[in-house]
Amino acid sequence: MSLKGKKTYISKLKIRYSEVDRQNIVYNSHYLTYYDISLSEMLDSLFHQEEYIKETNNEFHTVAAQLNFKNPARLNDKISIYTAIKKIGNSSITFAQEIYRDGSDELINEAEIIWVNTNQDEMKPASIPEDLKNKFSKYLLN
């Protein structure tokens, strides 16, 4: 499934020297960082994360991540990270994400990442407030 043309948040990055191996190919672990940057930027566009944490004592934690490697990203590539919400549950959010070489339809990587809203005192799932769910719906796939 391509996220292009759907309700997505798009981040852009350039691959840096510290992120590649001797063949100038991105280390696998950096893709999670790229996805996390895009998720964080998307959330910043929707609400103030630090205020939410202070007011509710809840914070989102990653509980699952599935990445599929399609093509390598290389040193100095410019990439576009597409981020959308696949599902909003009672306490969880499932994100769909894809990375493309900027300006092309070449899919580099795709991911599904699940976060759970967690009460920090009890370290147990907490319901996502309705006002947040409404804000998240801006990027909810149909």
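Which of the residues that make up region 3-35 are more than 14 Å from the chain's Cα centre (by Cα) and part of a helix (DSSP H, G or I)?
Hits for region 3-35 are Tyr17, Ser18, Glu19.
I'd like the full set of residues that are in contact with a helix residue (DSSP H, G or I) (Cβ under 7 Å, 6 or more places away or on another chain), within 20 Å of Asn119 (Cβ to Cβ) and either assigned to a helix (DSSP H, G or I) or among the β-branched types (Val, Ile, Thr) (or both), limited to region 41-77.
Correct list: Leu43, Gln49.
Of these, Ser80, Ser127, Ser38, which one is assigned to a loop (DSSP other than H, G, I, E, B), surrounded by 13 or more Cβ atoms within 10 Å (Cβ to Cβ), on the phi < 0 side of the Ramachandran plot and modelled with pLDDT of 95 or more?
So the residue among Ser80, Ser127, Ser38 that is assigned to a loop (DSSP other than H, G, I, E, B), surrounded by 13 or more Cβ atoms within 10 Å (Cβ to Cβ), on the phi < 0 side of the Ramachandran plot and modelled with pLDDT of 95 or more is Ser127.
The values are calculated or read from the model by the stated rules, or taken from the named source; none is laboratory data. Small disclaimer: the values here were computed from a predicted structure and weren't measured. FYI the Cβ positions are ideal-geometry reconstructions off the backbone, even for glycines, and counts take in every protein chain you see.
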